[in-house]
Amino acid sequence: MANTKLSAAKKVKNDEFYTQWADIEKEVNAYLERDPDVFRGKTILCPCDDPEWSNFTKYFALHFQTLGLKKLISTSYANESKIHRTANYQPTLFESDDPKFDKSKTEVCGKIFVLTGEDVNINDLKWDYMKGDGDFRSEEVLKLRDEADTIITNPPFSLFREYFAWLINSKKDFLTIAPRNSITYKEVFPLIKENRIWPGKGFNAGNAYFAVPDEANYADGVHDKETGLVKFRNCIWLTNLDHEARHEPIPLMTMADNLKYNKKMQGKDAYDRYDNYDAIEVPFINAIPSDYGGVMGVPITFLDKYCPEQFEIVGMCENLDLYNLKVKTYSKEECQQAYFAKFSKKGTYDLNASGVIFKNGLLEKVYQRILIKHVGDTNGN
């Protein structure tokens with residue numbers, strides 16, 4: 001249900017999901033553990049942020065001295081662009097009690113918040129209206145991007161592809177929250193494969209809780225009206241900042257031991273092989289074998305535990321065969337025959353979009369798979 005609601009939010013551009021302080025602190029600490037000076041002397045930009053509601057700017061303002069920051073900049077989007085809030089919008093006391101408050105600007109102009117200097121605290125955060133609406137694609141924010149050393153935010157998911165291109169073009173360090181499926185995007189996956197970006201430390205147990213405006217409408221069990229939090233399981237952190245967790249090898253068993261002792265593999269007498277890739281199907285992360293010499297297809301959640309010293313990413317099961325790994329492409333007629341055999345009615349089973357195995361005598365598509373092999377393995381390229 002949470003995933004459905006996030007998709008719905010993208011359709012109506014309900015992108016106001018405010019990240020919890022504890023999640024920001026946990027994630028940032030992961031990079032400080034690896035390098036205590038990772039942010040020292042840096043200018044941090046938090047675009048798509050609003051410290052009147054969000055915690056990113058508050059967190060870095062409070063820790064400005066401890067982190068040794070040079071400058072902190074954040075920008076917020078004009079309220080008239082926040083579709084679901086416009087009708088009931090009221091400026092916060094932070095804005096309305098300030099001498100700079102301008103009723104004519106409050107709904108149409110973005111705001112910029114800046115913190116500089118050596119002897120500062122969160123109360124020294126200065127703000128002003130921007131000339132435009134604060135859209136990250138505007139020339140105003142583009143100049144701020146080019147000034148920054150590190151870009152950190154929770155961007156609007158409805159614009160994630162545009163935001164990510166904007167981010168990568170900056171060639172800056174970054175930390176961003178992203179939809180989990182973004183790791184399969186053509187703009188993202190090649191950078192992961194090349195070890196230029198990777199998932200961050202991650203949310204606790206994979207659960208992300210975001211605060212949302214009161215007007216947002218969510219199903220019971222997804223939105224806790226008492227806390228104002230919405231739970232999602234399909235969000236990750238993406239970054240090019242290093243952290244210790246990505247260098248921790250995954251514990252492995254042999255193929256035989258996995259089949260014998262792994263509860264999720266019991267009942268199988270062998271690993272399935274793909275019909276369209278020279279690789280074996282590994283349906284669970286804890287079933288990756290230690291003794292297989294060749295390519296293995298693993299769930300995309302593998303990236304949460306991916307250690308580049310242990311595994312090499314060679315590609316992904318996908319339609320276009322961008323990595324020249326397919327050994328078979330199915331014809332239209334074969335896709336139609338596979339659909340009829342599986343569902344007993346006419347249709348087309350898009351076998352070319354994923355890895356395919358034989359199951360109970362039928363061709364069966366598996367979920368999205370990343371193709372990996374052990375580092376140093378010369379079998380199966």
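Looking at segment 154-176, which of its residues are in contact with a strand residue (DSSP E or B) (Cβ under 6 Å, 6 or more places away or on another chain) and either of a type in the set (A, V, I, L, M) or on the phi > 0 side of the Ramachandran plot (or both)?
The answer is Leu167, Leu175.
Taking the residues in segment 192-211 that are open to solvent by less than 20 Å² (accessible area, probe 1.4 Å) and over 12 Å from Trp237 (Cα atoms) as candidates, determine which candidate is modelled with the highest pLDDT.
Step by step, filter segment 192-211, then rank; the result is Ile192.
Looking only at residues in segment 348-378 that are modelled with pLDDT under 95 and more than 15 Å from Asp275 (Cβ to Cβ), which one is least open to solvent (accessible area, probe 1.4 Å)?
Asp377
For segment 177-191, name all the residues that are of a type in the set (Val, Ile, Thr) and open to solvent by 10 Å² or more (accessible area, probe 1.4 Å). Explain how you work it out, then say what you get.
Restricting attention to segment 177-191, the residues satisfying the condition of being of a type in the set (Val, Ile, Thr) are 177, 183-184, 188.
Correct list: Thr184 only.
State which residue is farthest from the chain's Cα centre (by Cα) when the search covers only segment 214-251 and only residues that are of a type in the set (S, T, N, Q) and modelled with pLDDT of 95 or more. Even if it seems obvious, please write down each step before you answer.
Kept after step one, since they are of a type in the set (S, T, N, Q), are these residues of segment 214-251: 217, 227, 234, 239-240.
Applying the additional criterion that residues be modelled with pLDDT of 95 or more yields 239-240.
On the way: Thr239: 9, Asn240: 12 Å.
Per the stated criteria, the residue is Asn240.
Cβ-Cβ distance below 7 Å, separation of 6 or more or different chains: which pairs start in segment 327-338 with a residue that is touching a residue at least 24 places away in the same chain (Cβ under 8 Å) and end on one that is among the acidic types (Asp, Glu)?
Pairs that qualify, where the first residue is touching a residue at least 24 places away in the same chain (Cβ under 8 Å) and the partner is among the acidic types (Asp, Glu), are Val327/Asp278; Lys328/Asp275.
Just to check your reading of the model, which residue among Thr184, Thr254 is in contact with an Asp or Glu (Cβ under 9 Å, 6 or more places away or on another chain), modelled with pLDDT under 95 and closer than 23 Å to Ala287 by Cβ? Give the derivation first.
Working: Thr254 fails: modelled with pLDDT under 95.
The match here is Thr184.
Give the residues of segment 102-123 that are in contact with a helix residue (DSSP H, G or I) (Cβ under 7 Å, 6 or more places away or on another chain), under 20 Å from Tyr59 (Cβ atoms) and at pLDDT 80 or above, sorted by residue number.
As a first pass, look at segment 102-123 and keep what is in contact with a helix residue (DSSP H, G or I) (Cβ under 7 Å, 6 or more places away or on another chain): 106-108, 113, 115, 120, 122.
Now drop any that are not under 20 Å from Tyr59 (Cβ atoms), which leaves 113, 115, 120, 122.
Passing the criteria: Phe113, Leu115.
The values are calculated or read from the model by the stated rules, or taken from the named source; none is laboratory data. Here the structure is a predicted model, which means the values were calculated and not measured. Heads up, the Cβs are rebuilt from the backbone with ideal geometry, glycines too, and the neighbour counts pull from every protein chain shown. All accessible areas refer to the heavy atoms of the entire protein, side chains included, with ligands and DNA or RNA removed. Shrake-Rupley method; radii C 1.70, N 1.55, O 1.52, S 1.80 Å.
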